[in-house]
Amino acid sequence: MVPEPVSASTHALMGVAPYVKPKDAWSLAPMIAGAPSYRLGRWIGSRFQYPRPSNAPKITRVLPERPAAVMVHGPDGSVATLCLDFDTSKALKGVVDADAARVGRLLSACGMVFVEDFSPSGGRHLYIPLRDRIGAAEARELVEALALTARSLDPSPHQNITDGCIRVPGSVHKAGGHQTLITPLSQAYDILRRRNPASALMELRSALAPELTRKRALKARAAKTVAGQRTGILPALPLNAGSEAPLRKVARTGLYDTARYKGPSEARMAVLNHFSACGWSLQDVENELTGQFPGLAALYGTPQRQARLLPYEWTKAQSLTSNQTLQKRLPRKHRKKSAPINNTSQTLTTGGAGNLSSAGVQQLVNDLENVLYAVLDHRLQARGRQGLSLRLLIRGLLGYMRAKETDVLDVGCRTLAVAMGKHHVTIARLLPVLVAASDGILTKVMNARHKAADVYLIQLPEQYQQLARELAWRKGKIHAIRPVFRALGDATALVYEAIERGRHSPTTADLVRATGVSRNACSAALAEMEALGMVQRQGHAWKTTTVNLRMLAARLGVMDDYLDQISRNRNERAAWHAYLDRFRTPKVEETDLFDLERDEYWIPPDDAAIWHAA
């Protein structure tokens, strides 16, 4: 349904129907509009607007001589056609074309047909006619969910029931020219006459389940924040609070600050430097050029230019970021000494028989997992909601133990909070409880001091050693909170783990017994994961699917929250370190001890002079 562009011009599109006269394209207006009237546009100050007239003109076959936009909603607020407006003011034209093509493929996969046009400014419109009218709230929810998948999509026509309007094919454009129909006129008539059934709309809702879940969570969070600010519980946030990182916004939209970057080349290098510093690979960057960062691809202009310049610029970015990292680390490395600096410094270990090998740590983690599933999980289930967090916290510590290959962990509360998707104060409150409830598995061996975190020892107590040897190790990898479960919750994470690491495909009753989660919470978690395509039911048993959890987390908006938490922790650490530096003993220079212009030494008298005086 959606033609693929072969050049940067909107007037050179593969598959575009023969030229349709504007007055003929305007004949589609009554079949698209939610109400049989339109509004004429005019400049009001520096903005081009479509003000509400006292008597709105009716839609006829006569094409208005001025820019005209039809109403999206009917008099009762219902919607007959979903109108998707991809605007070049929100992203570069390359991003607009990519977004329109991607949304078009999604609609076609859901069995939906649509009409498409483009404007002289490079924007695009998709019109999705519905056989049965839907309410304004449902239409807005769907369009806002689609806007989460396409950065250039402007949902504002569906966000205003009384004034939401859109230019239709054939309408005059404010900059000159007309909206040009892409879909052949006869095919557009057929699509608007037959329209899409309710079953296709249900398919679209199913495909947008992650975005719909994300949008509901964002609305609930915004409502909670506003309520807290009104009651004085939360302070008023600045206008840019929670906003996206500037370089990631450039990568999504292709729009950059011309006062900071001279041109697309400088903006591209800034984005690539950012990704290189974050530990990305060239393959990761190339995968996201057609995913969540099409703006970076648009900054290259053409695919040929991108293929030629991207490897070279990526190598340059890696060289730059690696040199900066090396310069930061070298002074620290050269200052390291084996002798204590003062009586509060920790002595450095030199190794020995007490240190576990890499294989020994992995075996210890496997044994601890057996004890966790056999004993500790059931013991923590009695603690209710706190027990859910404790069970996931011990999993996170075991995951760090396996990754660092050591049984002595000095991981800070903020680092654990990022991995768990919780506040660092919550982690600080849970750690002493877990130490007391772990029956010797987790032991605190050193308190935090200055910039160093608390140190914990993870070991297998003697009373559990025989049990750990008798139980078979489980397949798979233990996790704390994977990014997707930051949005879905702790109970859902435990239910998914029970399905993923179970020795057989469990039933709902098996999951309730294995996880200790209530029947209602378990059923709700399964229903939500099934809607998101994470699990599927085969008979009475549940199995995991091959869905990419990382991509699903990105669609749920988790990665933005993750980056916000990392940025907040970085700022708080900087403030804490600055506070500690106030108490450091300043270095005393030689000029502070002695006055170079004053003789501060005594010359002893001559021995002969002393005897003569006597």
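The values are calculated or read from the model by the stated rules, or taken from the named source; none is laboratory data. Predicted model, so just to flag it, every value in this text is computed and none were measured. Cβ: placed from backbone, ideal geometry, glycine included. Neighbour counts: every protein chain shown.
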- Kindly indicate which of Arg61, Arg52, Arg39 is within 25 Å of Ala137 (Cα to Cα), in the same structural domain as Arg205 (by TED's automatic domain parsing), of a type outside the set (Ser, Thr, Tyr) and part of a loop (DSSP other than H, G, I, E, B). Arg52
- Those residues of the stretch 129-174 that are crowded, with 22+ Cβ neighbours inside 10 Å, aliphatic (A, V, I, L, M) and over 27 Å from Arg214 (Cα atoms) come to a total of 1
- Inside the stretch 449-483, the number of residues satisfying the requirement of being within 30 Å of the chain's Cα centre (by Cα) and outside any loop (DSSP other than H, G, I, E, B) is 1
- Task: Please specify each residue of the stretch 247-271 satisfying the condition of being under 15 Å from Arg305 (Cβ atoms) and either in the same structural domain as Val96 (by TED's automatic domain parsing) or under 19 Å from the mean Cα position of the chain (by Cα) (or both).
- Result: Gly254
- Qualifying residue in the stretch 483-498 (condition: free of Cβ contacts under 8 Å to residues at least 12 places away in the same chain and of a type outside the set (Gly, Ala, Ser)): no
- Task: Could you tell me which residue of the stretch 459-488 is surrounded by the fewest Cβ atoms within 10 Å (Cβ to Cβ), considering only residues that are of a type in the set (Gly, Ala, Ser) and within 25 Å of Gly360 (Cα to Cα)?
- Result: Ala472
- Query: What residue, among those in the stretch 489-520 that are under 19 Å from His540 (Cβ atoms) and within 27 Å of the chain's Cα centre (by Cα), is surrounded by the fewest Cβ atoms within 10 Å (Cβ to Cβ)?
  - Reply: Glu500
- Task: Residue by residue through the stretch 431-474, note down the ones that are among the β-branched types (Val, Ile, Thr) and touching a helix residue (DSSP H, G or I) at 6+ places or on another chain (Cβ under 9 Å).
- Result: Val433, Ile441, Thr443, Ile458
- Task: Determine whether Ala100 is crowded, with 23+ Cβ neighbours inside 10 Å and part of a loop (DSSP other than H, G, I, E, B).
- Result: no
- Item | Conditions (1) modelled with pLDDT of 95 or more; (2) surrounded by fewer than 20 Cβ atoms within 10 Å (Cβ to Cβ); (3) within 28 Å of the chain's Cα centre (by Cα): number failed by Leu126 | (2)
- Query: Has the stretch 112-120 got any residue that is part of a loop (DSSP other than H, G, I, E, B), surrounded by fewer than 18 Cβ atoms within 10 Å (Cβ to Cβ) and not aromatic (Phe, Trp, Tyr)?
  - Reply: yes
- For residues in the stretch 212-266 being charged (D, E, K, R) and at pLDDT below 80, which is farthest from Val285 (Cα to Cα)? Arg230
- Residue identified as surrounded by fewer than 19 Cβ atoms within 10 Å (Cβ to Cβ) and closer than 19 Å to Leu208 by Cβ among Ser89, Ser108: Ser108
- Answer yes if at least one residue in the stretch 547-560 is in contact with a strand residue (DSSP E or B) (Cβ under 7 Å, 6 or more places away or on another chain) and of a type in the set (S, T, N, Q), and no otherwise. no
- Verdict on Val95 being of a type in the set (A, V, I, L, M) and under 25 Å from Ala137 (Cα atoms): no
- Query: Residues Tyr456, Tyr464: which one is in contact (Cβ under 8 Å) with a residue 40 or more places away in the chain and in contact with a strand residue (DSSP E or B) (Cβ under 6 Å, 6 or more places away or on another chain)?
  - Reply: Tyr456
- Query: Which ones in the stretch 521-537 are surrounded by 15 or more Cβ atoms within 10 Å (Cβ to Cβ) and of a type in the set (S, T, N, Q)?
  - Reply: Ser523
- Task: Please indicate, with yes or no, whether at least one residue in the stretch 503-517 is closer than 20 Å to Leu380 by Cβ, of a type in the set (A, V, I, L, M, F, W, C), without any contact (Cβ under 8 Å) to a residue 12 or more places away in the chain and not in a loop (DSSP other than H, G, I, E, B).
- Result: yes
- How do the helices (runs of 4 or more DSSP H) wholly within the stretch 254-314 filter down when requiring 3 or more residues that are in contact with a Phe, Trp or Tyr (Cβ under 8 Å, 6 or more places away or on another chain), on the phi < 0 side of the Ramachandran plot and not hydroxyl-bearing (Ser, Thr, Tyr): which remain? 264-277, 282-289
